[in-house]
Amino acid sequence: MRKTTLALIGAMMASLPGCASYKPVPPAFHAVLNQPYHLDSGDVLRVTVFEQAGLTNAYPVDKAGYIAFPLVGSVPARGRTPQQLEATIADRLRGGYLRDPNVTVQVDQYRPFFIMGEVTTGGQYTYVPGMTVQKAVAIAGGFTPRAEQESVDITRQVGGRILTGRVLTSDPIVPGDTLYIRERWL
């Protein structure tokens with residue numbers, strides 16, 4: 001009996017460091033949900049230059065964070081809002097190409113999110129605005145029988161920093177998030 005009790009206490013003590021390393025999500029983790037969308041690699045943008053059909057097209061943001069735009073070359077997009085990118089493209093076109101360009105930038109396709117762990121089919125999936133953790137899990141084929149279904153770990157880039165936090169399955173996700181579905185303890 002004494003050996004069993006000591007073994008149980010030892011097992012509980014060994015699991016404490018894992019619990020102690022978990023920290024609640026910082027406020028910036030959820031604040032990003034209320035900020036304007038910032039572009040990054042993997043986004044595909046619909047750039048419209050009115051009355052210039054040859055310039056109006058879909059442009060992907062490359063791995064370096066730039067779009068290759070006709071006439072003006074590489075334009076930095078990473079970390080900018082679509083409105084900021086509109087102004088940059090218009091300024092560059094104004095510099096010797098068009099007199100008064102009217103430019104709009106819209107996100108045509110958001111960068112993907114990633115899901116792994118205790119889901120049927122982990123991987124990379126297309127983000128849809130308004131997506132929650134539950135919807136992401138459904139797209140990945142649902143939880144496995146061993147999955148912790150109350151909360152998940154999300155890794156998110158916020159202001160150039162990588163943050164990881166544990167959230168409820170009803171929480172929204174953003175493009176580029178990595179979701180990890182943990183195994184539940186029985």
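Filtering segment 92-108 down to residues that are polar (S, T, N, Q) and touching a Lys or Arg at 6+ places or on another chain (Cβ under 9 Å), which residue is farthest from Gln124 (Cα to Cα)?
Filtering segment 92-108 for residues that are polar (S, T, N, Q) and touching a Lys or Arg at 6+ places or on another chain (Cβ under 9 Å), the one farthest from Gln124 (Cα to Cα) comes out as Thr104.
For segment 79-163, which strands (runs of 3 or more DSSP E) that fit wholly inside it have 1 or more residues that are farther than 29 Å from Phe50 by Cα?
113-117, 123-125, 151-158
Does segment 26-40 hold any residues that are free of Cβ contacts under 8 Å to residues at least 12 places away in the same chain and assigned to a loop (DSSP other than H, G, I, E, B), and which are they?
Residue satisfying the conditions is Gln35 alone.
Which one of these is closer than 26 Å to Val174 by Cβ, among the hydrophobic types (A, V, I, L, M, F, W, C) and surrounded by fewer than 18 Cβ atoms within 10 Å (Cβ to Cβ): Val128, Val119, Val137?
Val128
What tally of residues in segment 92-110 results from selecting those that are under 28 Å from Val158 (Cα atoms) and surrounded by fewer than 18 Cβ atoms within 10 Å (Cβ to Cβ)?
Count: 5.
Which pairs turn up if I take residues in segment 63-76 that are basic (Lys, Arg) and look for partners that are surrounded by 15 or more Cβ atoms within 10 Å (Cβ to Cβ) with beta carbon separation below 9 Å, at least 6 apart in sequence or on another chain?
Correct list of pairs: Lys63/Ser41; Lys63/Gly42.
Computed from the coordinates by the stated procedures, all read-outs in this text should not be read as laboratory data. Treat the numbers as computed from the prediction; the structure is a model and nothing was measured. With ideal geometry, Cβ positions are generated from the backbone for all residues, glycine too; neighbour counts draw on all protein chains shown.
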